[in-house]
Amino acid sequence: MQLSQQVREYLAKVDEEFRRLYEKHQEFDRELNALSTKGFLSPEEELHVAEVKKMKLSMKDRMLLIAKKHAKDLDKLKGGGR
C-alpha cells in the first residue's frame, strides 16, 4: 500500500509519531541515494546499506499501521465520507 502525498501530509500534521517516522524515513532515503552514487561500496558500507533498508522498511510498516489507525479520517480526506 502506497500513501499519497496528501495522506502523508495529513498524517504528519495529526500524528507526531508518523511525522517523526516519516522524517527519519526521508533521511534514510537521502543517505541511500548518496551511497548509490558511489562507484564502489566497501563491505562495511554494503552492510550499512542493508541495515538502513531494513530500518526503512520497518518504519514504512509502522507508518502504514498508523494510517490504518486514522482510516476513518483518511476516508473523509479522500472524499469517501460524504
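Quick note: the coordinates plus some simple rules give every number you see, no bench work behind them. Since the model is a prediction, treat every value here as computed from it, not as a measurement. Methodologically, a virtual Cβ is constructed for each residue, glycine included, from the backbone with ideal geometry; neighbour enumeration extends over all protein chains shown.
Key figures for this structure:
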| quantity | calculated |
| --- | --- |
| Segments 55-66, 24-35 sorted - mean Cβ within 10 Å per residue, highest first | 55-66, 24-35 |
| Pairs from LYS54/LYS76; LYS13/LYS38; LYS13/LYS76; LYS54/LYS78; LYS38/LYS68; LYS53/LYS76 whose Cα-Cα separation, in the structure shown, is over 26 Å | LYS54/LYS76; LYS13/LYS38; LYS54/LYS78; LYS38/LYS68; LYS53/LYS76 |
| Cα centroid of the stretch 1-33 to Cα centroid of the stretch 42-78, whole Å | 8 Å |
| Stokes-Einstein translational diffusion, the stretch 5-78 - Kirkwood Rh over all Cα pairs, 1.567 mPa s, 4 °C, in µm²/s | 95 µm²/s |
| Computed magnitude of the charge dipole of the stretch 5-78 (debye, nearest 20; Cβ of K, R +1, Cβ of D, E -1) | 460 debye |
| Degrees separating the helix 16-36 axis from the principal Cα axis of the chain, which is the longest one | 30 degrees |
| The chain, relative contact order in percent, only Cα pairs under 8 angstrom and at least six apart counted | 33 percent |
| Surrounding net charge for LYS38, when Lys and Arg each add one and Asp and Glu each subtract one, Cβ distance under 15 Å | -3 |
